[in-house]
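Participant: What follows is a structure written as structure tokens; I'll ask about it next.
Just so it is clear, none of the values below were taken in a lab; they were calculated from the coordinates. As the structure is a computational prediction, the values presented were derived from the model and not from experiment. Every residue, glycine among them, receives a Cβ derived from its backbone with ideal geometry; neighbour counts consider all protein chains shown.
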């Protein structure tokens, strides 16, 4: 029997996530909701485990918005079907991001019949692909498609950057330094840094990954977590550390810390005290 297609819902409003779960006849569509996230950055941290085929993502969320999530997620999974949800006052901003591989933009509040139609189209595309992601087991399964896109886009790299040539200092070095000095700012994300340095978000995302081997948000999170470990070793309480490293939501910070270190903040702090 064919396995259901896997759906992920990313929205910082719990009521919106619950409503979508309850209002759509997922089983009839040959689909199942396999997970939720309250922000793009949380979703990035769990997407490798959930391996969704379809993602609904709100465009406006804390820590990482839907546009930045799309940049990173499609880097890992080029065939992922992404449906962006947006309020009417953000719709034009969403449509400006047409260069992103977004399957559909939907206005909130969404109508059940419209969601169902979009999902039926998404199912048709997935059926046509003939790809079983659940047996692929690794983001590398899709790397050939992404590499093709990278080769095509490299032709436009110089135009997009505006400053990259043999005589200019590599902007990635400047941005890395900027992250090390400004990681405490909770507003800091890919879009924020791109605007600050005058690049397009898509160019910066590609260039940063190319030169560092890491996605922008992964690099920023690493800086934040390494500094958080220093605070933990000094006995600083978690909610204080969370705010000091630019992740003011203690619950979300706790999940990031555990994923990065393999243990909870309190356990890490206790272990550090015992090792003194």
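Participant: What is the spin-label model distance, in nm, from residue 192 to residue 258 if the labels are put 7 Å beyond Cα along the C-beta direction?
Facilitator: Taking the two extended label points, one gets 2.5 nm.
Participant: Inverting the mean 1/r over all pairs of different Cα atoms, compute the Kirkwood radius of the range 157-276 and quote it in Å.
Facilitator: One decimal place: 15.5 Å for the Kirkwood radius.
Participant: So for the range 202-276, averaging the separation of alpha carbon pairs under 8 Å that are six or more residues apart and normalising by length, what relative contact order in percent results?
Facilitator: The value is 24 percent.
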